[in-house]
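Step one of this worksheet: look at the structure below.
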Amino acid sequence: MLVAVDWHKDGWDISAALEELSLLAQTASLEVVGSMSQSLRHPHQAHYVGSGKLEELAALKEELSYSVVLVNDELSPSQLRNMEKELDVRVLDRTALILDIFAQHARTSEGRLQVELAQLEYRLPRLTRMWTHLSRQGVGGAGLRGPGETQLEVDRRESRRRITWIKEQLSEVHRHRQLYREQRQRQRMPVIALVGYTNAGKSTLLNRLADSDVIARDELFATLDPTTRRVDLPGSQTILMTDTVGFINNLPTQLVAAFRATLEEVLEATLLVHVLDVTHPNAFQQAQTVHSIIEDLGADDLPMITALNKVDRLGDDVSPEQLRENMGLSEHYVPISAHKGVGIDLLTDRIAGMLSEQGAFVDLQVLVPYTETQLVDLFHRRGHVDDAIYREDGTLISGRIPKNLAAHFEPYKTTSSIGESL
Ligand SMILES: Nc1nc2c(ncn2[C@@H]2O[C@H](COP(=O)(O)OP(=O)(O)OP(=O)(O)O)[C@@H](O)[C@H]2O)c(=O)[nH]1
Ligand SMILES: [Mg+2]
């Protein structure tokens, strides 16, 4: 049973939001028997929907015989507790549902650890729930003290210990990955990252371009673990293309934190290809969501091509060239059908073109003050550092940087040579 409060968050239409929740439910192998929504300025503090609506929901239980209630927002621990008590069924909020799907889909040990970390951090403040359940069953006796509470303390301690352990494991994994990445950078093969809303067709596009067999399915978050494949571009250039986890509106914060390292892979890319399902009723909002996550990651200074995918759905007689013309699209937008293989040559041409623009590097020597360390990071990330030394007055770097980024370093250009400083 789907329940949503319509509080006009982010301009999403409530029926579209329910549609997405329903897809999430199906992906988690749940069958949707009904849905209900209520317009409120804010979700009710105690039980998400208002009291009347909650009674209505309870009354529907027999008729629809639902056994789980899915809530379209993240609930506070007390909202969750109150709703479960009132309805006497399992209540799952959107975050728990997404975490559940991630847990089902994680394949690599890193992916599994990241999901478990997100789940533990989500559950920690909600652990009190177990105590209520115990007391309801008469375990732990009456009153607020007793074995139940002790158990809760034990559970909390266990969770915290496990969280620490997972974080240690993950930082080890990330160190290894960093080494691998540096190796890859030395090979100087450009990396293109596919980004986009979940179900937009990223994996389908990778399969089309790399002739690979990454899982591509009509469900949300089919891909979790990043996959990288070689792709040959026109003009016999070879690139690496990375397919990674898709984005969703209001991606749970625990997941963003846990998947940060995975998501940060996109920062290493030379170019982003944003895959957008242009036929989706909420294509515009989905694109906005993607842009804001890219910005949060600090990857918004990367050049981007947007692939307007699934154009085959617009009809057989629509050609990408014609669409480009009709819509007056700039060269950064390419209509494609990853599924039918339409517009793919146009896309790879564009990628090759952007890469050659990107390929233009300028030699640069700069002295960056310690107040501007983000520029040092940028140099390491996007340029090639030949030498870097740390002096009292800042970091002295020499190397090459993509032409379009040179302006950032203009104020710090210097002629004092590394040799002199040694
Ligand atoms: N009609 C049509 N369907 C497509 C096209 N590209 C992808 N699809 C379908 O869209 C669904 C999702 O495709 P995926 O490639 O798994 O999407 P994704 O972006 O990798 O999604 P996640 O990994 O779940 O984030 C699948 O059912 C694809 O067959 C296309 O060009 N046209
Ligand atoms: Mg995928």
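The values are calculated or read from the model by the stated rules, or taken from the named source; none is laboratory data. Since the model is a prediction, treat every value here as computed from it, not as a measurement. We place every Cβ from the backbone using ideal geometry, glycine too, and count neighbours over all the protein chains shown.
Scanning segment 196-214 for residues that are near ligand 1 (Cβ under 8 Å from one of its atoms) and more than 13 Å from His339 (Cα to Cα) yields a total of 4.
The criterion of at least 3 residues that are assigned by TED's automatic domain parsing to the domain that holds Thr95, surrounded by fewer than 19 Cβ atoms within 10 Å (Cβ to Cβ) and of a type in the set (Lys, Arg) is met by none of the helices (runs of 4 or more DSSP H) wholly inside segment 181-263. Restricting attention to segment 348-357, does a residue exist that is under 24 Å from Thr270 (Cα atoms), in contact with a helix residue (DSSP H, G or I) (Cβ under 9 Å, 6 or more places away or on another chain) and surrounded by fewer than 17 Cβ atoms within 10 Å (Cβ to Cβ)? The answer is yes; a qualifying residue exists. Does at least one position in segment 217-237 carry a residue that is of a type in the set (Lys, Arg), without any contact (Cβ under 8 Å) to a residue 12 or more places away in the chain and within 12 Å of ligand 1 (Cβ to nearest atom)? Yes, the conditions are met somewhere in segment 217-237. Each residue in segment 45-65 was checked for being in contact with a Leu (Cβ under 8 Å, 6 or more places away or on another chain) and surrounded by fewer than 20 Cβ atoms within 10 Å (Cβ to Cβ), and 3 pass. Only a single item in (1) in a strand (DSSP E or B); (2) modelled with pLDDT under 85 is not met by Glu325, and it is number (1). Selection of segment 264-276 for residues being of a type in the set (Asp, Glu) and surrounded by 16 or more Cβ atoms within 10 Å (Cβ to Cβ) yields Glu265, Glu268. Can you pull out the residues in segment 364-408 that are assigned to a helix (DSSP H, G or I), over 22 Å from Ala269 (Cα atoms) and free of Cβ contacts under 8 Å to residues at least 24 places away in the same chain? Correct list: Thr371 only.
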